[in-house]
1. Quick one: which strands (runs of 3 or more DSSP E) lie wholly within segment 278-382 and hold at least 3 residues that are closer than 29 Å to Asp268 by Cβ?
2. Considering only residues that are closer than 24 Å to Thr93 by Cβ and of a type in the set (D, E, K, R), look in segment 108-137 and name the one that is farthest from the chain's Cα centre (by Cα).
3. Identify, please: which residue in segment 349-373 is under 21 Å from Asp313 (Cβ atoms) and not aromatic (Phe, Trp, Tyr) and is, among those, surrounded by the fewest Cβ atoms within 10 Å (Cβ to Cβ)?
4. For segment 194-236, name all the residues that are of a type in the set (D, E, K, R) and under 24 Å from Tyr298 (Cα atoms).
5. Going by the conditions given, is Ser323 closer than 22 Å to Ala178 by Cα, touching a residue at least 60 places away in the same chain (Cβ under 8 Å) and of a type in the set (Gly, Ala, Ser)?
6. Give, as residue ranges, the strands (runs of 3 or more DSSP E) completely inside segment 97-203 that count at least 3 residues that are of a type in the set (Ser, Thr, Tyr).
7. Please specify each residue of segment 204-247 satisfying the condition of being under 17 Å from Trp304 (Cα atoms), more than 23 Å from the chain's Cα centre (by Cα) and part of a loop (DSSP other than H, G, I, E, B).
Amino acid sequence: MRSKMLVAAMAAVFGASGLAAAMPAAAQTTSTATSSPDSTELQQLQQQIDALQAKVRQLEQQQQQQAQAMAAAPPPTPSSAAAWADDTRISGTMYTDFTNIDQTSHGTRTDASGNGLDVKRFYLSIDHKFNDTWSANLTTDFNYLSSDGETQLFVKKAYVQGSFSKLATLRVGSANMAWIPFVEEWYGYRFVENTLTDRLHFGNSADWGAHLFGDNGVFDYQVSLVNGGGYKNPTRSNSMDFEGRVGVEPIKGLVFAVGGYTGDRGKDTHSSPALHDAHRYDAMIAYHANNLRLGGEYFRAANWDNVATPFTDTADGWSVWGSYDFGPAAIFGRYDRAKPSKDQDPSLEDTYYNAGVSFPLTKGVDVALAYKHERLKNDTSIDTRTNEIGVWGQVKF
């Protein structure tokens, strides 16, 4: 609007200026005895021109001030949707394999034998940051139930997190437990095989409860007060379970850690009270630096599967692993041995090992060519051997 006024004013000034220039020339061709009223009109016209020129200068100053104010003004505030997106991250992890399994029981092949492709895990996570202290996470997972022949989608992690310092972060909800995810991080080949206590089902990787942890680079810890049934079973019982871990990293890349678990595993209810508490004791030493990984894990458990039975039992086992990354490829191997039922079936023994080579196809995508062997055997009725060879993959984004 002001621009149109400026143009109109300038047009009036230029038109009046041309008229003023023409007037004296016309005056020279007329009689020198011009009447005084003509002189008065010229003076009035000149005053009008001066007023218009002053108005033009005023409008120019106003436009300059407006442009300076707009330049100094803060940028517009982003919309709430854009702000939410900036503070939200979506990520995913998939474990898959294409392998041949040859399983025998007392020398006879079982129905588990054959070729096939599996997507054993697919985690889809949404992380949202409210501010520098508070955030939230939702992670979905799925599994296959042979009872109904369908894939089930469920929640693995769902928590609110408060980060108060390096040694004080609190998660409330379903979140990582203290031991299994910690060992997985140092082992490095979870996509090929679960760690020892996870593979033998002597622990949960996540559970519903309150989790407090911290790490200052030398000392780390986690304590979790949980329902005890695992992330797939958030039901309540008469008491809650406890899992904890402390670790020390005296030099960068070398860690010593111990942990433990105690509780009724969510099975102490009013109608079916627990007869025993389950206990587990853990230890690990690991090294990861200069492309080399070495480590070992040990556990001992009591009444893990006998909380609701009159019988008692114990179990223990150990695992060692190593890998070296050459850049274009890495070699890895692992060996486990465990006694799953030392009191009820003392001769029962589980032996497992794997070996292979892995390749990074691109950022976030790794594949491994590997061979795995497991034998579960006792002195009486059990002798199951499983050999598996093929390709394992990990996709992260």
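The values are calculated or read from the model by the stated rules, or taken from the named source; none is laboratory data. Computed from a predicted model, the values in this text were never measured in an experiment. Every residue, glycine among them, receives a Cβ derived from its backbone with ideal geometry; neighbour counts consider all protein chains shown.
1. Numbers: elements: 278-289, 292-302, 314-325, 330-339, 349-362, 365-377.
Output list reads 278-289, 292-302, 314-325.
2. Asp118
3. Filtering segment 349-373 for residues under 21 Å from Asp313 (Cβ atoms) gives 349-352.
Now drop any that are not not aromatic (Phe, Trp, Tyr), which leaves 349-351.
Details: Glu349: 19, Asp350: 20, Thr351: 14.
That would be Thr351.
4. Taking segment 194-236 and keeping what is of a type in the set (D, E, K, R), we get 198-199, 207, 215, 220, 232, 236.
The answer is Asp198, Arg199, Asp207, Asp215, Asp220.
5. Values: closer than 22 Å to Ala178 by Cα: no; touching a residue at least 60 places away in the same chain (Cβ under 8 Å): yes; of a type in the set (Gly, Ala, Ser): yes.
Here the answer is no, as Ser323 does not meet what is asked.
6. Values: elements: 114-129, 134-145, 150-165, 168-176.
Result: 134-145, 150-165.
7. Asn227, Gly228, Gly229, Ser237, Ser239, Met240
Let's see how each residue does on (1) exposed (fewer than 15 other Cβ atoms within 10 Å of the Cβ); (2) of a type in the set (Asp, Glu); (3) touching a Phe, Trp or Tyr at 6+ places or on another chain (Cβ under 8 Å):
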position	(1), (2), (3)
Thr108	yes, no, no
Ser113	yes, no, no
Gly116	yes, no, yes
Phe122	no, no, yes
Asn131	yes, no, no
Ile180	no, no, no
Thr195	no, no, yes
